[in-house]
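The values are calculated or read from the model by the stated rules, or taken from the named source; none is laboratory data. This is a predicted model, so every value here is computed, not measured. All Cβ positions, glycine included, derive from the backbone under ideal geometry; neighbour counts span all protein chains shown. Note: accessible area is taken over every heavy atom of the protein model, side chains too, but ligands, DNA and RNA are not part of it. Shrake-Rupley method; radii C 1.70, N 1.55, O 1.52, S 1.80 Å.
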Amino acid sequence: MKLCIEALGLSFSYSPEVPVLRDVSASVRSGVVTGIIGPNGAGKSTLLQLLCGLLKPGAGQVTLDDQPVAAHSDRARARLVAYMPQSISPAFSLSVADVVALGRFPHLGAFGALGDGDHAIVQACLAQTETAYLAERDFLSLSGGERQRVLLASVLAQEPRILLLDEPTSALDLPHEVAFFRQLRTLAAQDLGVVVITHDINMAAQFCDELLLLGKDHTLVRQGDVKAVLTEAGLAEAYGSSLSVGRHPETGTPFVTVPMGKKTG
Ligand SMILES: Nc1ncnc2c1ncn2[C@@H]1O[C@H](COP(=O)(O)OP(=O)(O)OP(=O)(O)O)[C@@H](O)[C@H]1O
Ligand SMILES: [Mg+2]
């Protein structure tokens, strides 16, 4: 059975008269990797927080499994949807293993203690993200890329049906970024839904099934499969600057570049 998050006619402002999202309707579902792209400040992170119920829309609504997202208890929602923020800075010192164990909270019993099964899942998620060697380190002592891989382990430990990831690869080196996106495809093949914000349009073109393109005017400029969304007209409308769309030499999928202009003289 597919699990869907649907946004219908969402509008949102942090302060009156300054719209951050205007009339956005979109849906994401299990088994599909959906990329969210668009310029800085378009409202991508805001949209992700609306989709998981952390923010409430000024107009429109978000449904999870055909019910308003707010109708689910925090615990029930956290078993279905996991959210990885753009960055986190824990206020106190936590080991990497503790950060990953936090992902188990919606599954714990009344006393909140981790059982053998929970510990096994934490270990498996550390192994899956190749972060087991960091388990005893203080999370705050990690590099930016190491933190991102540990945060993925933490949301995987939550065992949700849909993962919402805000720029999870922004600090990763290229091989780790490709490995990360391949892992997202594996998760989708296991029927997990993945929603991933990225500025790496070409990585999104290779690994996402569908894209949502938000524009600088805070509207949803295009949504659909990669070919439908990555057009020069759509990108120009969203970014307000000209981008070229060619073909990836190996896969034939759209490949976006910035025109550098011809050298003169
Ligand atoms: N907590 C907040 N209070 C006030 N304004 C905010 C807040 N969070 C974001 N904004 C503003 O809302 C707009 C959209 O922000 P958002 O973080 O959703 O953009 P984004 O598309 O994720 O951008 P980026 O690519 O830079 O991460 C921006 O103009 C931002 O300054
Ligand atoms: Mg953002």
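Surface calculation, 1.4 Å probe, protein heavy atoms: GLU130 sits at approximately 120 Å² accessible.
For the range 107-152, applying the loop criterion from DSSP together with a ceiling of 11 other beta carbons within 10 Å to the chymotrypsin sites (Phe, Trp or Tyr not before Pro) yields PHE111.
Cβ-Cβ distance of SER141 and SER25, R₀ of 51 Å, FRET efficiency by 1/(1 + (r/R0)^6): the value works out to about 0.75.
Compute the length gained on full extension between MET260 and TYR14: take 0.36 nm times their separation in residues and subtract their Cα-Cα distance, giving the result in nm to one decimal. Can you show the working numbers first?
On the way: separation 246, 0.36 × 246 = 88.56 nm, distance 3.65 nm.
Additional length available on full extension: 84.9 nm.
Taking 41 Å as R0, compute the FRET efficiency from the Cβ-Cβ separation of ASN40 and ASP191 and round it to 0.05. Walk me through the numbers on the way to the answer.
On the way: r = 33 Å, r/R0 = 0.80.
Computed FRET efficiency for ASN40 and ASP191 comes out at 0.80.
Accessible surface calculations at 1.4 Å, restricted to protein heavy atoms, place the range 33-160 at 45 Å² per residue. For the chain, DSSP calls about 60 percent of its internal beta bridges antiparallel.
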